[in-house]
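Enquirer: Encoded as structure tokens, here's the structure I'll be asking about.
Just so it is clear, none of the values below were taken in a lab; they were calculated from the coordinates. Bear in mind that the values here come from a model prediction, so they are computed numbers and not experimental data. All Cβ positions, even for glycine, are placed from backbone atoms using ideal geometry, and neighbour counts span all protein chains on display.
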Amino acid sequence: MPKRKIVIEPDPILRKKSSLIENVDDQVRKLMDDMLLTMYEAPGIGLAAVQVGILRRVIVIDISKDDQKKKPIFLVNPKITHKSKKTSVYEEGCLSLPGHFAEIERPSECHVNYIDYNGREKLLKADGLLATCLQHEIDHLNGILFIDYLSKLKKDMIIKKLIKHKKEINKIIL
Ligand code: ZN
């Protein structure tokens, strides 16, 4: 099962907190491989395990451009240890909220402690797009979506459209 199905909002699982991984074993590596493939095919630049229905603290990210060599980053149990006071704004999208984008302000730099693909502890100091992407994906592990930073009105409007979109998809399948 290399490619996995992406969970679309609204879905209660996207609001749950993911649990820590105790040991990076072959099963976890298989999950990371599958997630990377799913993300590349979508296509997207970041994916959290909860987005494929697995409530574990695993994310994959690759912000390399199409014409560059792929540079996947696998993060297990990522934890933000530092956020800058300086902020930046990016127009964010999400594979679980297809077709919706919004400008979100976040700290422009962050440091993240994590365990890598081989089970080694690492520290990543990120800025720019990578910093935003890390914060977006780590939010997923805590049940937070980027629309949570918007006004209630905007958020409700997006969720309404997503519900309509889901119903249309179901109609086609039936
Ligand atoms: Zn997302």
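Enquirer: Provide Rg and Dmax in Å for segment 12-170, with only Cα atoms included in the calculation.
Expert: Rg then Dmax for segment 12-170, in Å: 15.5, 45.
Enquirer: Could you work out how much longer the chain between LYS16 and GLU103 gets when fully extended? Use 0.36 nm per residue separation minus the Cα distance between them, nm to one decimal.
Expert: On the way: separation 87, 0.36 × 87 = 31.32 nm, distance 2.40 nm.
So the chain would gain 28.9 nm between LYS16 and GLU103.
Enquirer: Going by how many other Cβ atoms sit within 10 Å of their own, how do VAL7, VAL28, VAL60 line up, fewest first?
Expert: Fewest to most other Cβ atoms nearby, the residues stand as VAL7, VAL28, VAL60.
Enquirer: Just to be sure I understand: of the beta bridges DSSP finds with both ends in the chain, what percent are antiparallel, rounded to 5?
Expert: About 95 percent, rounded to the nearest 5.
Enquirer: Could you calculate the FRET efficiency of LEU37 with LYS125 from 1/(1 + (r/R0)^6), where r is the beta carbon distance between them and R0 is 45 Å, rounded to 0.05?
Expert: According to the calculation, E is roughly 0.95.
Enquirer: In addition: Of all chymotrypsin sites (Phe, Trp or Tyr not before Pro) in segment 24-123, which ones are in loop regions per DSSP and have a Cβ with at most 13 other Cβ atoms within 10 Å?
Expert: PHE101
Enquirer: Farthest toward the dipole's positive end in segment 8-140, which of ILE115, GLY46, VAL89, given Cβ charges of +1 (Lys, Arg) and -1 (Asp, Glu) about the Cα centre?
Expert: ILE115
Enquirer: Which longest uninterrupted range of the chain lacks any trypsin sites (Lys or Arg not before Pro) assigned by DSSP to a loop state (not H, G, I, E or B) and surrounded by at most 16 other Cβ atoms within 10 Å?
Expert: Working: sites that count: LYS3, LYS5, LYS16, LYS17, LYS65, LYS69, LYS70, LYS85, LYS86, ARG120.
That gives 121-174 as the longest site-free run.
Enquirer: Relative contact order of the chain: what whole-number percent is it, with Cα pairs under 8 angstrom and at least 6 residues apart? Please report the intermediate quantities before stating the final value.
Expert: Details: 302 pairs, mean separation 40.0, N = 174.
Relative contact order comes out at 23 percent.
Enquirer: All other residues with a Cβ under 15 Å from the Cβ of LYS166 taken together, and with Lys, Arg as +1 and Asp, Glu as -1, what is their net charge?
Expert: On the way: positive: LYS5, LYS160, LYS161, LYS164, LYS167, LYS171; negative: GLU9, ASP11, GLU168.
That works out to +3.
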